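The values are calculated or read from the model by the stated rules, or taken from the named source; none is laboratory data. Source: prediction; values computed, not measured. Neighbour counts are summed over all protein chains in view; Cβ atoms, including those assigned to glycine, are modelled from backbone coordinates with ideal geometry.
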Amino acid sequence: MTIKEAITISPEILSGTPVFSGTRVAVKTLFDYLEESSLDDFLEGYPSVSREQAETVIEWSSNLMLLP
């Protein structure tokens, strides 16, 4: 899955906040969860987000942080 498949950014959805595609769950919510909890807890709390979507966002963000 690509990042463009995993997330959506649209002015009509949460005023353009990046969300997981097909949901109204903000990507930031995942990172808020990961500060205090686990990916499994996030997925349990937000069943509309797939594991593949969440893992794609985490991997993409990790790769972005490694750029010079």
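Looking at the structure I just gave you, is Glu35 among the charged types (D, E, K, R) and surrounded by 12 or more Cβ atoms within 10 Å (Cβ to Cβ)?
It is false that Glu35 is among the charged types (D, E, K, R) and surrounded by 12 or more Cβ atoms within 10 Å (Cβ to Cβ).
Outside any helix (DSSP H, G or I), over 12 Å from the mean Cα position of the chain (by Cα), exposed (fewer than 11 other Cβ atoms within 10 Å of the Cβ) and not small (Gly, Ala, Ser), is that true of Glu12? It would help to see each step written out before you state the result.
Values: outside any helix (DSSP H, G or I): yes; over 12 Å from the mean Cα position of the chain (by Cα): yes; exposed (fewer than 11 other Cβ atoms within 10 Å of the Cβ): yes; not small (Gly, Ala, Ser): yes.
Criteria met by Glu12.
With (1) modelled with pLDDT under 95; (2) in contact with a helix residue (DSSP H, G or I) (Cβ under 6 Å, 6 or more places away or on another chain); (3) not charged (D, E, K, R) as the list, and Leu66 as the residue in question, which single condition is left unmet?
The failed condition is (2).
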